[in-house]
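Remarks on the structure that follows.
The values are calculated or read from the model by the stated rules, or taken from the named source; none is laboratory data. Everything numeric here is computed off the predicted structure, so don't read it as measured data. Here the Cβ is made from the backbone with ideal geometry for all residues, glycine too, and neighbour counts use every protein chain on show. Side chains are part of the model used for accessible areas, which takes the heavy atoms of the whole protein and leaves out ligands, DNA and RNA. Shrake-Rupley method; radii C 1.70, N 1.55, O 1.52, S 1.80 Å.
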Amino acid sequence: MDSTVVNTGAEGQTWDGGNDPLKSSYGKMMMWFFIVSDALTFSGFLAAYGFSRYKFSGSWPIADEVFTHVPFFHGNYPMIYVAFMTFILIMSSVTMVLAVDAGHHMNKTKVTWYMFLTIIGGMIFVGSQAWEWKTFIKGDYGAVQTQGGNLLQFGQYVTKDGEQTFKRVSVHDFAIVGNSERVQQQSNDGVWFLSEGTIPSLSMDEVINGIKANENILVRTEILDENGAKTILSRDESLKQLQANGRTVVEGANLHVNEYGSPLFADFFFFITGFHGFHVFSGVVINIIIFFNVILGTYERRGNYEMVEKVGLYWHFVDLVWVFVFTFFYLV
Amino acid sequence: MAHAHKLAIFQGRLKFKSNTQKIWGVLILLTIITAIEVVLGIYKPDVLEGSFIGMKVLNWIFIVLTLVKAYYITWDFMHMRDETSALRRMVVWTALFLVCYLVFILLQEGGYVESVFKRGYLKTDF
């Protein structure tokens, strides 16, 4: 075995940086590398979102009109709740970085309290996101989908303070409910392998009858005009469109249909905020684990609180991603 | 763990006495930026609706403000300011380079597909 090379003859020879050129611990460095790769995953999602939006730039939903709800308050408050969520996340980032700082001073009580506040902030955020999902899925006005997959929404002109504005009307407010022509097919009705999902609570006929009875209700299409507002059809056009092309009533949003606009909007909403929400959730879980380790004195015995710093990096990264999601989903 | 924190932001124009103070200072900055974004997002002033290099001025403002926020989160909350420049470059340049590539793909291909929808023979609106 003499010929087997057991060493390279280069021991002890390092290049300029020495053995730790980055002056950072292994764990922190790996967390950074993970963050870079995760950041690229999110960039990929946001780029895909941007691509689809570009593709449908003439008819993309206006985010201000979609996210207008605030829990416990009725009315139209675009952006307010998302801004609140953003603030909560930034705030929990601050308590996290304060925990890291307290860790540097080996102050166990402070680390415990700041970690606790961070976890609470994270939970409020995840809860808010769940609420936002619920509101989005439930929908508010309903719409009609055409044969080609476009959407027809409803509204009427109202004059308020001498200014004429187009106000959306819910399909439930004007549809004339008759006998629904269909019941949902379930697997025990006929052949066992045939069933369908929930069918809309209103049929096309009920909506068309409602439109005929209400003279001032007009159809609003998805197409954006040169001012960036949705096109509103005339009364004749509205009826014609609805009768010729209307296929089904859409209420709320899921992965197939979306009453706010292009189904892709809902798909990306669920996917991107869902993926981010999952990160926040796992961040909360990891924070809780670290929190108990702090209480048990693990890091006190270890002599440093670097673990808090590492989970802190992850937590800040989640905040960082939200900053971008907020911009590209809600603002731009 | 006697870490030396760099306590100045804005190229050294604003110095803080302690790390905790700097954290609160950065929070105030981030809050102000978010508030500006939200106010602009709600009111959408007509002045900013004009187009600049293929995008609304308002959207440029949003993106620039987002990058500013991202900078302060990374530099001060994630302590990038205190790391060696090698680690900083490794993380930031890698991400930046690949994101630029993604943005290029998005603009190039998105623009092409949009032009097909607009000018092609494909009927999409019925």
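Of note:
- The residue of the range B:66-85 that is surrounded by the most Cβ atoms within 10 Å (Cβ to Cβ), among those that are at pLDDT below 90 and facing chain A (nearest Cβ under 7 Å), is B:Glu83.
- Test for B:Tyr101: is it closer than 24 Å to A:Thr327 by Cα, outside any loop (DSSP other than H, G, I, E, B) and open to solvent by 30 Å² or more (accessible area, probe 1.4 Å): yes
- Selected residue [outside any loop (DSSP other than H, G, I, E, B), touching a Lys or Arg at 6+ places or on another chain (Cβ under 9 Å) and within 9 Å of chain B (Cβ to nearest Cβ)] from A:Leu98, A:Leu46: A:Leu98
- Every residue from the range A:24-56 that is among the small types (Gly, Ala, Ser) and in contact (Cβ under 8 Å) with a residue 12 or more places away in the chain: A:Ser25, A:Gly27, A:Ala39, A:Ala48, A:Gly50, A:Ser52
- Number of the condition not met by B:Glu49 [criteria: (1) farther than 26 Å from A:Ile35 by Cβ; (2) open to solvent by less than 30 Å² (accessible area, probe 1.4 Å)]: (2)
- Residue list for the range A:81-95, restricted to those being among the polar types (S, T, N, Q), closer than 24 Å to A:Val66 by Cα and more than 8 Å from every other protein chain (Cβ to nearest Cβ): none
- A:Asn188 being touching a residue at least 40 places away in the same chain (Cβ under 8 Å), surrounded by fewer than 17 Cβ atoms within 10 Å (Cβ to Cβ) and over 30 Å from the mean Cα position of the chain (by Cα): no
- Unmet criterion (only one of (1) more than 10 Å from chain B (Cβ to nearest Cβ); (2) under 15 Å from the mean Cα position of the chain (by Cα); (3) open to solvent by less than 10 Å² (accessible area, probe 1.4 Å)) for A:Phe67: (3)
- Filter pass, A:Gly75 being away from every other protein chain (no Cβ under 11 Å), open to solvent by 20 Å² or more (accessible area, probe 1.4 Å) and at positive phi: yes
- Neighbours by Cβ (under 7 Å, 6+ apart or cross-chain): first from the range A:293-315, among the charged types (D, E, K, R); second open to solvent by 30 Å² or more (accessible area, probe 1.4 Å): A:Glu300/A:Lys108; A:Glu306/A:Ser25; A:Lys310/A:Met31
- Meets criteria (among the β-branched types (Val, Ile, Thr), assigned by TED's automatic domain parsing to the domain that holds B:Met55 and open to solvent by less than 90 Å² (accessible area, probe 1.4 Å)) for B:Thr94: no
- So A:Met115, is it aliphatic (A, V, I, L, M) and either open to solvent by less than 10 Å² (accessible area, probe 1.4 Å) or within 27 Å of B:Lys69 (Cβ to Cβ) (or both): yes
- For the range B:86-117, the candidate set comprises residues that are at pLDDT below 90 and more than 8 Å from every other protein chain (Cβ to nearest Cβ); within that set, the residue that is nearest to A:Gly312 (Cα to Cα) is B:Gln108.
- Filter result for B:Ile61 (within 22 Å of A:Ser43 (Cβ to Cβ), assigned by TED's automatic domain parsing to the domain that holds B:Leu7 and either among the hydroxyl-bearing types (Ser, Thr, Tyr) or surrounded by 16 or more Cβ atoms within 10 Å (Cβ to Cβ) (or both)): yes
- Qualifying residue in the range B:44-64 (condition: more than 22 Å from A:Ser57 (Cβ to Cβ) and within 18 Å of the chain's Cα centre (by Cα)): no
- Only one of the numbered conditions (1) open to solvent by less than 40 Å² (accessible area, probe 1.4 Å); (2) charged (D, E, K, R); (3) facing chain B (nearest Cβ under 7 Å) is not met by A:Lys23, and that is (1).
- Considering the range A:129-173, the residues that are of a type in the set (Ser, Thr, Tyr) and part of a loop (DSSP other than H, G, I, E, B) include one that is surrounded by the fewest Cβ atoms within 10 Å (Cβ to Cβ), namely A:Ser170.
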